[in-house]
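Peer 1: If you scroll down you'll find the structure; I have some questions about it.
The values are calculated or read from the model by the stated rules, or taken from the named source; none is laboratory data. Since we're looking at a predicted model, the values are computed, not measured. Positions of Cβ are backbone-derived with ideal geometry, glycine not excepted, and every protein chain shown enters the neighbour counts.
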């Protein structure tokens, strides 16, 4: 055995390239292109857009005129169909447009989320334009979204958010067909902006109500429960006893009844 | 009893059995119980499922008591679940978190315990429905129905006290609702909650008190009533479905030893396996999400476990603003009405066997079960009851229905309010008509046989389809049932007709006015002759 191995090793060394060379080459290639793409795309995502640059604001104004002004007015002053956007700040635009709620597809109890319609750059340009009209809450920096105290965040979430969004962020019903959406999969920056601007039925949680530090804690808590699924197994959408009861009646009792039929079947 | 000659003492088992029997006379009992016969039908195992779930609950519950601390002393959680680290909570909540995250096998035991509890009440419910719809509650089993009903209520009480023990947000909200319901009772309400909670809600006593009830008093009662329930099953012998060779005087099936005991024992492990599988793979009551109880927050989608759902539904469906101010007190009809509704509903379920016995005036023993179609009004009443319960049940998840079916909350509530009254009536009429129609079909098949699909041409040129008569086995099932006719209103020996008699006569008309009489022997003979011509 030993001899064989050393022989095969020797033959490998004799070759011009090691057998793993091509694998390594592909790996290097993938890492390099992937890394470069990631670097470039993150750069285009946030770093490169300067919200105060006149060019960006101009671009935003054009987009606004083409996509938003029907309801919000040419100068964002508002019409009978849509509220004024003067003073709502870039955070509100980034939330509404960035999550696909705006431009609104149809009137209803509340603006539904739909596939995002603008690229990140276009969204930022729109935000820059609206922010240029009057001062308002700004898009939070990445540093305000990470590294908070998870347990404090959990407690704040239960006190301030859970009555509409459910303790696990599974969402919940409001009146007249409105609802608080599920928070799973919502980007941290959008959660922050929602607290800051109070979109649709949500109240505003300003900095006196929940300090930036506390907002960061809440976001860290949400991130934690998303990244750490239930220790108990399937979560049944975290809807609580209703989904548990349904599961038991359908699958638990279903299986049991099937077994009773099986156990008594042979005798007939 | 005494084995003077002591035969066949070969082998260890023989010697041991003999040793045991000489000291306990157990062979008498084994002979008696071992020859008990149980008929085989899947629906007869539903009660067994309940029994097995209870055994699972006892086993896992004992494990949980080793680690659970039934105390509301505030502590700071320092276990391994990060999002609750350093948070102040009761010792009950902290120890439940420890069971879930820091004690080996603890979470599995908790989840098996809780799933088995849900299965316990569900299988009791299904078992009750089987007993109801087949008329198994008739004489001599009315008392056993009552005992079973008490078990059902005890199971709900066990479930609710257990649900409230971890002192998490969900269980605290549940207790708050109970507190509110009790507070809404006139005059005594406030004092009862003071007694229950040891002062103002939530106080610091309730978890300890519920724990005593949950692990001591209620299980003891459940056990006593299970023993009574099973004793009655043995005394009455098991019921059976009608069929050839099955009469009111016999029981056709397998003896306990060796067949039935092996089957039932194996079935226990099947049930345990299913519950363990669910417990191992599906989260139930993730208290770590809910966090410790605090009277201020309430989570969206807060509901009780399914078996209390109908009570929660009643509270959700009662119209708002039902309050009056009388004699210096506020009378909260929005609480009194749902509570009364539930009490009346449960009382009706409890009393049904006695009511039916009174209406029919039937004093005979019944060991052969009814097919649901052969008691149309009973089946219809059952269908109405199930529908009524189901509407209340659905109402408890009104918010989830609203979000998941994209309808408005108000729409759901208003629809269910109407359905609570209308749907049972529709269910009653539909079920009764279906049962009568099925009876008609049975009658038709009996008299004229079933269509064979073979069409023949008679010499005269007439075409006719050949009908084939049922064989004797199938015929037996279709003819052997009790027929109840409405009772005649006749004066009693004193020559009077009392109000009670009138009431009974009108109830009897309600039950048996629309009926399809079973095929008589003469009718059958005539039909046969007719078929031969």
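Peer 1: Do any helices (runs of 4 or more DSSP H) entirely within segment B:108-216 hold 3 or more residues that are under 30 Å from residue B:379 (Cβ atoms), and if so, which?
Peer 2: On the way: elements: B:142-164, B:169-183, B:189-197, B:206-212.
Filter on segment B:108-216 gives B:142-164.
Peer 1: Restricting the search to segment A:97-142, which residues are free of Cβ contacts under 8 Å to residues at least 24 places away in the same chain and farther than 18 Å from residue A:61 by Cβ?
Peer 2: Selection gives A:100, A:105, A:106, A:107, A:112, A:114, A:115, A:116, A:141.
Peer 1: Also, quick follow-up: Do we find that residue B:450 is in contact with a strand residue (DSSP E or B) (Cβ under 9 Å, 6 or more places away or on another chain) and at negative phi in this structure? I'd like the intermediate steps shown before the answer.
Peer 2: Numbers: in contact with a strand residue (DSSP E or B) (Cβ under 9 Å, 6 or more places away or on another chain): yes; at negative phi: yes.
The answer is yes for residue B:450.
Quick grid of which residues meet (1) within 11 Å of chain A (Cβ to nearest Cβ); (2) within 30 Å of residue B:100 (Cβ to Cβ); (3) crowded, with 19+ Cβ neighbours inside 10 Å:
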residue	(1), (2), (3)
B:215	no, yes, yes
B:240	no, no, yes
B:266	yes, no, no
B:278	yes, yes, yes
B:288	yes, yes, yes
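Peer 1: Could you list all residues from segment B:408-432 that are within 11 Å of another protein chain (Cβ to nearest Cβ) and either farther than 24 Å from residue B:312 by Cβ or out of contact with any strand residue (DSSP E or B) (no Cβ under 8 Å at 6 or more places or on another chain) (or both)?
Peer 2: Of the residues in segment B:408-432, the ones within 11 Å of another protein chain (Cβ to nearest Cβ) are B:408-413.
Residues satisfying the conditions are B:408, B:410, B:411, B:412, B:413.
Conditions tested, residue by residue: (1) under 16 Å from residue B:311 (Cβ atoms); (2) in a helix (DSSP H, G or I); (3) within 14 Å of another protein chain (Cβ to nearest Cβ); (4) touching a strand residue (DSSP E or B) at 6+ places or on another chain (Cβ under 8 Å).
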residue	(1), (2), (3), (4)
B:365	no, no, no, no
B:378	no, yes, no, no
B:388	yes, yes, no, no
B:391	yes, yes, no, no
B:406	no, no, yes, no
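For (1) over 14 Å from the mean Cα position of the chain (by Cα); (2) more than 12 Å from chain B (Cβ to nearest Cβ), each residue gets a yes or a no:
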position	(1), (2)
A:180	yes, no
A:184	no, yes
A:190	no, yes
A:197	yes, yes
A:210	yes, yes
A:231	yes, no
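Peer 1: Looking at residue A:179, is it touching a helix residue (DSSP H, G or I) at 6+ places or on another chain (Cβ under 6 Å), farther than 28 Å from residue A:135 by Cα, in contact (Cβ under 8 Å) with a residue 24 or more places away in the chain and surrounded by fewer than 21 Cβ atoms within 10 Å (Cβ to Cβ)? So that I can check it myself, show each step before the final result.
Peer 2: On the way: touching a helix residue (DSSP H, G or I) at 6+ places or on another chain (Cβ under 6 Å): yes; farther than 28 Å from residue A:135 by Cα: yes; in contact (Cβ under 8 Å) with a residue 24 or more places away in the chain: yes; surrounded by fewer than 21 Cβ atoms within 10 Å (Cβ to Cβ): no.
No: the conditions fail for residue A:179.
Peer 1: Given the condition free of Cβ contacts under 8 Å to residues at least 60 places away in the same chain and at positive phi, answer yes or no: does some residue in segment B:293-300 qualify? Break it down stepwise before answering.
Peer 2: Restricting attention to segment B:293-300, the residues satisfying the condition of being free of Cβ contacts under 8 Å to residues at least 60 places away in the same chain are B:296.
This time we only want the ones that are at positive phi, so: none.
Checked against the condition, which is being free of Cβ contacts under 8 Å to residues at least 60 places away in the same chain and at positive phi, segment B:293-300 yields no hits at all.
Peer 1: Sticking with this structure for a sec: Mind listing whichever residues of segment B:493-533 are assigned to a loop (DSSP other than H, G, I, E, B) and either surrounded by fewer than 10 Cβ atoms within 10 Å (Cβ to Cβ) or in the same structural domain as residue B:361 (by TED's automatic domain parsing) (or both)?
Peer 2: First pass over segment B:493-533, keeping only residues assigned to a loop (DSSP other than H, G, I, E, B): B:493-498, B:513-520, B:533.
If the condition is that a residue be assigned to a loop (DSSP other than H, G, I, E, B) and either surrounded by fewer than 10 Cβ atoms within 10 Å (Cβ to Cβ) or in the same structural domain as residue B:361 (by TED's automatic domain parsing) (or both), then B:493, B:494, B:495, B:496, B:533 are the ones that fit.
Peer 1: In segment A:185-267, which helices (runs of 4 or more DSSP H) lie fully inside it and hold 2 or more residues that are touching a helix residue (DSSP H, G or I) at 6+ places or on another chain (Cβ under 8 Å) and farther than 30 Å from residue B:53 by Cα?
Peer 2: Values: elements: A:188-197, A:212-227, A:241-247, A:253-265.
Once the helices (runs of 4 or more DSSP H) in segment A:185-267 are filtered for at least 2 residues that are touching a helix residue (DSSP H, G or I) at 6+ places or on another chain (Cβ under 8 Å) and farther than 30 Å from residue B:53 by Cα, what remains is A:188-197, A:212-227.
Peer 1: If I ask for residues that are assigned to a helix (DSSP H, G or I) and either modelled with pLDDT under 95 or closer than 26 Å to residue B:489 by Cβ (or both), which ones from segment B:343-363 would you list? Give the steps one after another, and end with the answer.
Peer 2: From segment B:343-363, those assigned to a helix (DSSP H, G or I) are B:343-360; that's our starting set.
Hits for segment B:343-363 are B:348, B:351, B:352, B:353, B:354, B:355, B:356, B:357, B:358, B:359, B:360.
Peer 1: Residue A:241 versus (1) facing chain B (nearest Cβ under 7 Å); (2) over 23 Å from residue B:159 (Cα atoms): which is the lone unmet condition?
Peer 2: (2)
Peer 1: Moving to a separate point now. I'd like the full set of residues that are touching a helix residue (DSSP H, G or I) at 6+ places or on another chain (Cβ under 7 Å) and either assigned by TED's automatic domain parsing to the domain that holds residue B:513 or surrounded by fewer than 19 Cβ atoms within 10 Å (Cβ to Cβ) (or both), limited to segment B:347-357. Let's see the steps before the verdict.
Peer 2: Residues of segment B:347-357 that are touching a helix residue (DSSP H, G or I) at 6+ places or on another chain (Cβ under 7 Å), as a first pass: B:349-350, B:353-354, B:356-357.
Hits for segment B:347-357 are B:349, B:350, B:354, B:357.
Peer 1: Restrict the check to segment B:243-266 and report whether at least one residue is under 23 Å from residue B:94 (Cα atoms) and modelled with pLDDT of 90 or more.
Peer 2: So in segment B:243-266, the residues under 23 Å from residue B:94 (Cα atoms) come out as none.
No, the conditions are met nowhere in segment B:243-266.
Peer 1: May I pose another question? Quick check: is even one residue across segment B:23-40 out of contact with any strand residue (DSSP E or B) (no Cβ under 8 Å at 6 or more places or on another chain), closer than 30 Å to residue B:119 by Cα and either more than 14 Å from chain A (Cβ to nearest Cβ) or assigned to a helix (DSSP H, G or I) (or both)?
Peer 2: So in segment B:23-40, the residues out of contact with any strand residue (DSSP E or B) (no Cβ under 8 Å at 6 or more places or on another chain) come out as B:23-33.
Right, trim to closer than 30 Å to residue B:119 by Cα and you get B:33.
The next check asks that each one be either more than 14 Å from chain A (Cβ to nearest Cβ) or assigned to a helix (DSSP H, G or I) (or both); those that pass are B:33.
Looking through segment B:23-40, at least one residue is out of contact with any strand residue (DSSP E or B) (no Cβ under 8 Å at 6 or more places or on another chain), closer than 30 Å to residue B:119 by Cα and either more than 14 Å from chain A (Cβ to nearest Cβ) or assigned to a helix (DSSP H, G or I) (or both).
Peer 1: Is it the case that segment B:152-163 has a residue that's over 24 Å from residue B:68 (Cα atoms) and either surrounded by fewer than 21 Cβ atoms within 10 Å (Cβ to Cβ) or under 19 Å from the mean Cα position of the chain (by Cα) (or both)?
Peer 2: At the first step, the residues of segment B:152-163 found to be over 24 Å from residue B:68 (Cα atoms) are B:152-153.
Filter once more, keeping what is either surrounded by fewer than 21 Cβ atoms within 10 Å (Cβ to Cβ) or under 19 Å from the mean Cα position of the chain (by Cα) (or both): B:152-153.
Checked segment B:152-163: at least one residue is over 24 Å from residue B:68 (Cα atoms) and either surrounded by fewer than 21 Cβ atoms within 10 Å (Cβ to Cβ) or under 19 Å from the mean Cα position of the chain (by Cα) (or both).
Peer 1: In this structure, does residue A:174 turn out to be surrounded by fewer than 23 Cβ atoms within 10 Å (Cβ to Cβ) and more than 7 Å from chain B (Cβ to nearest Cβ)?
Peer 2: yes
Peer 1: I'd like the residue in segment B:290-310 that is in a loop (DSSP other than H, G, I, E, B) and touching a strand residue (DSSP E or B) at 6+ places or on another chain (Cβ under 7 Å) and, out of all such residues, is nearest to the other protein chains (Cβ to nearest Cβ). Break it down stepwise before answering.
Peer 2: Keep residues of segment B:290-310 that are in a loop (DSSP other than H, G, I, E, B), which gives B:291, B:293-305.
Within this subset, residues satisfying the condition of being touching a strand residue (DSSP E or B) at 6+ places or on another chain (Cβ under 7 Å) are B:291, B:293, B:300-301.
Numbers: B:291: 5, B:293: 10, B:300: 3, B:301: 5 Å.
Filtering segment B:290-310 for residues that are in a loop (DSSP other than H, G, I, E, B) and touching a strand residue (DSSP E or B) at 6+ places or on another chain (Cβ under 7 Å), the one nearest to the other protein chains (Cβ to nearest Cβ) comes out as B:300.
Peer 1: Can you tell me how many residues within segment B:446-482 are part of a helix (DSSP H, G or I) and farther than 25 Å from residue B:382 by Cβ? Walk me through it before giving the result.
Peer 2: If we filter segment B:446-482 for residues that are part of a helix (DSSP H, G or I), which is where we start, we get B:446-448, B:472-479.
Restricting the remaining residues to those that are farther than 25 Å from residue B:382 by Cβ gives B:446-448, B:472-476.
The number of residues fulfilling the criteria is 8.
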